[in-house]
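The values are calculated or read from the model by the stated rules, or taken from the named source; none is laboratory data. The shown structure was predicted, so the numbers you read here are calculated from the model rather than taken from an experiment. Reconstructed Cβ throughout: ideal geometry from the backbone, glycine too, with neighbour counts over all protein chains shown. Just so you know, the surface numbers come from the protein's heavy atoms only, side chains and all, with ligands and any DNA or RNA stripped out. Shrake-Rupley method; radii C 1.70, N 1.55, O 1.52, S 1.80 Å.
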Amino acid sequence: MDIAVTLVIQGLAFFAVVLIVMRWLWPPLMAAIEERRKKIAEGLAAGTRAQKDLDEAKVKAQEIIREARDKAVQIVDQAGKRSAEIIEEAKATAIAEAQRIVAQAHDEIALDITRARESLRKQVTGLAIRGASHLLEREIDPKTHDALLDKLELELERG
């Protein structure tokens, strides 16, 4: 055989193989390559979205932390104010109780003074009656003496 015929047959065989590959193997191969390219693009897009979501989540987390700190500060302020209110209420209650106790003590003192005056008055009356009876050598009526002492007491209070 001649070399030219061999080259022509090999050329025809090459073109036949190329036509068969282009007709039946190339479309599925290109479809697989295109599908793979789409999956890679989707993966990159998903990675970008995930990074964006992560950044948004970080911002939201910082915002939540800031709000929590603000609320904590508010709670501490409210607790401080409430404790001050409780202290003021306790002081007011203590002052009122002290005033009540002082008033009660004054009342008791006034009552004791009245009792002591009455007791002293009775003792003075008895002594005055005894002294007067010794001086006059006779008995003085205690009712008359009480009336005289009451009259004297009124004169002393007025003057």
Which whole-number value in Å² is the accessible area per residue of the chain, probe 1.4 Å?
89 Å²
Just going by the charge dipole of the chain, with Lys and Arg at +1 and Asp and Glu at -1 on Cβ, which of ALA116, ILE64, ALA94 is farthest out on the positive end?
ILE64
About its Cα centre, how strong a charge dipole does the chain have in debye, to the nearest 20, once Lys and Arg get +1 and Asp and Glu get -1 at the Cβ?
1080 debye
Along the dipole axis of the chain (charges at Cβ: +1 for Lys and Arg, -1 for Asp and Glu; origin at the Cα centre), the most positive-end residue among ILE20, SER83, ILE40 is ILE20
Quick one: helix 142-158 against the long Cα principal axis of the chain, what's the angle to the nearest 10°, folded into 0 to 90?
60 degrees
Which value in Å does the Kirkwood hydrodynamic radius of region 1-48 take, with 1/r averaged over all unlike C-alpha pairs and then inverted?
13.5 Å
Along the charge dipole of the chain, which of ALA147, ALA128, ALA31 sits closest to the positive end, that is, farthest toward it, with unit charges on the beta carbon of Lys, Arg, Asp and Glu (+1, +1, -1, -1)?
ALA31
Cα centroid distance between region 1-49 and region 50-92, in Å?
66 Å
How much net charge surrounds GLN78 when only the other residues with a Cβ under 13 Å from the Cβ of GLN78 are counted, with Lys and Arg +1 and Asp and Glu -1?
0
Pairwise Lys count, the chain - Cα closer than 17 Å, eight or more residues apart or different chains:
7
Please get the size of the charge dipole for region 24-114, origin at its Cα centre, with Cβ charges of +1 on Lys and Arg and -1 on Asp and Glu, quoted in debye to the nearest 20.
1200 debye
Once LEU127, LEU111, LEU149 are ranked on solvent-accessible area with the largest value leading and a 1.4 Å probe, the list reads LEU127, LEU111, LEU149
